[in-house]
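The values are calculated or read from the model by the stated rules, or taken from the named source; none is laboratory data. Fair warning: this is a prediction, and the values are worked out from it, not measured in the lab. Quick reminder, even Gly has a Cβ in these numbers, built from the backbone with ideal geometry, and neighbours come from all protein chains shown.
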Amino acid sequence: MRIRDLAGECGVAEATITRFVKTIGLGSFQELKISLAAIVPESERMAKMVYEEVSQGDPVGTIRDKIFSINSRALEDTRRILDTRDIERAVAIIDRARHVDVYAAGGSFVAAEHARLRFYRIGKRFQTYSDPNQQSVSASLLGTGDLAFGVTNSGRTASTVNALRRARDGGAATICVTSFDNTPITGHADIVLFTSTQDSAFFQESMVSRLAQMLVIDVLYAALAVKHFGRSVERIERSADALRKMFL
């Protein structure tokens, strides 16, 4: 459930839910959901769903509608919470960065690769790392003037968190994309770009989080491209021409 749905079911205002969460010592509604999910045995949770909100007996039409609704809702919620000032700050850091190394694992690495493929079309080279050892080596070599970019939906992926920490200790700027506040990754990021996904604690690899992450990447890419519009258009046209010549 989203916070507004729970408030509706309880017949109270959203602010009441928020105060309740604070009263019991949690930092956010997402933390409450994760804590509740942890109480239910894994086998019982998995027996009820095979995808977010998709249950046994759902007809194909219902499955289609649920999945599209989940993704649409997550993207719209992400649009609302994505702070334009943080986007502007992130674009400025990306623009002046000498090297940009991107750290991610699992499903989030799809977004990391998306960033690499997006930005190099306008002349900004990103290097992506998913192997924990290579992440550590890469981060140790970053310093002032460089950028470490972490992508982790949960905010708790150990290798990504450690890479961002190591890079920041070396003097590099740090940015992360995540769905959860007050997690280890946010403590090592100069700028946090939040996505809003409906993923539960046991479906961190679902397409919902990847789509939201990729759209945040697209916003950053487009904002940087617009900042250097003429140069960006020229490079996009050159790369598009190169691709056209690959086809017979």
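Here's the yes/no breakdown for (1) free of Cβ contacts under 8 Å to residues at least 60 places away in the same chain; (2) buried (at least 16 other Cβ atoms within 10 Å of the Cβ); (3) farther than 24 Å from residue 135 by Cα; (4) over 16 Å from the mean Cα position of the chain (by Cα):
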| residue | (1), (2), (3), (4) |
| --- | --- |
| 69 | yes, no, yes, yes |
| 77 | no, yes, yes, no |
| 81 | no, no, yes, no |
| 88 | no, no, yes, yes |
| 96 | yes, no, no, yes |
| 100 | yes, yes, no, yes |
| 104 | yes, yes, no, no |
| 107 | no, yes, no, no |
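Yes or no: residue 220 aliphatic (A, V, I, L, M) and either crowded, with 20+ Cβ neighbours inside 10 Å or in a strand (DSSP E or B) (or both)? For residue 220, the condition - aliphatic (A, V, I, L, M) and either crowded, with 20+ Cβ neighbours inside 10 Å or in a strand (DSSP E or B) (or both) - is met.
So, of the residues in segment 22-49 that are at pLDDT 65 or above and polar (S, T, N, Q), which turns out to be surrounded by the most Cβ atoms within 10 Å (Cβ to Cβ)? For segment 22-49, the residue satisfying everything is 30.
Please work out if residue 111 is assigned by TED's automatic domain parsing to the domain that holds residue 174 and either at pLDDT below 95 or surrounded by 21 or more Cβ atoms within 10 Å (Cβ to Cβ) (or both). Judged against the criteria, residue 111 is a match. Taking segment 153-185 as the range and being touching a strand residue (DSSP E or B) at 6+ places or on another chain (Cβ under 6 Å) and either modelled with pLDDT under 95 or hydrophobic (A, V, I, L, M, F, W, C) (or both) as the test, the residues that pass are 155, 163, 164, 167, 172, 173, 175, 176, 177, 185.
Please verify whether residue 172 is touching an Asp or Glu at 6+ places or on another chain (Cβ under 6 Å), touching a residue at least 40 places away in the same chain (Cβ under 8 Å), over 20 Å from residue 215 (Cβ atoms) and surrounded by 23 or more Cβ atoms within 10 Å (Cβ to Cβ), treating the condition exactly as stated. Spelling it out, it is not the case that residue 172 is touching an Asp or Glu at 6+ places or on another chain (Cβ under 6 Å), touching a residue at least 40 places away in the same chain (Cβ under 8 Å), over 20 Å from residue 215 (Cβ atoms) and surrounded by 23 or more Cβ atoms within 10 Å (Cβ to Cβ). Pick from segment 114-167 the residues that are touching a Phe, Trp or Tyr at 6+ places or on another chain (Cβ under 8 Å) and of a type in the set (Val, Ile, Thr): which of them is surrounded by the fewest Cβ atoms within 10 Å (Cβ to Cβ)? Ranking the qualifying residues of segment 114-167, first place goes to 122. Across segment 1-16, the qualifying residues are those that are aliphatic (A, V, I, L, M) and under 19 Å from residue 197 (Cα atoms), and the one among them that is modelled with the lowest pLDDT is 1.
Of the residues 64, 79, 19, which is within 21 Å of residue 195 (Cβ to Cβ), in a helix (DSSP H, G or I), modelled with pLDDT of 85 or more and charged (D, E, K, R)?
Values: 64 fails: within 21 Å of residue 195 (Cβ to Cβ); 19 fails: within 21 Å of residue 195 (Cβ to Cβ).
Selected residue: 79, the only one of 64, 79, 19 that is within 21 Å of residue 195 (Cβ to Cβ), in a helix (DSSP H, G or I), modelled with pLDDT of 85 or more and charged (D, E, K, R).
Among the residues of segment 85-109, the one identified as within 14 Å of residue 126 (Cβ to Cβ) and either touching a His at 6+ places or on another chain (Cβ under 7 Å) or among the hydroxyl-bearing types (Ser, Thr, Tyr) (or both) is 103.
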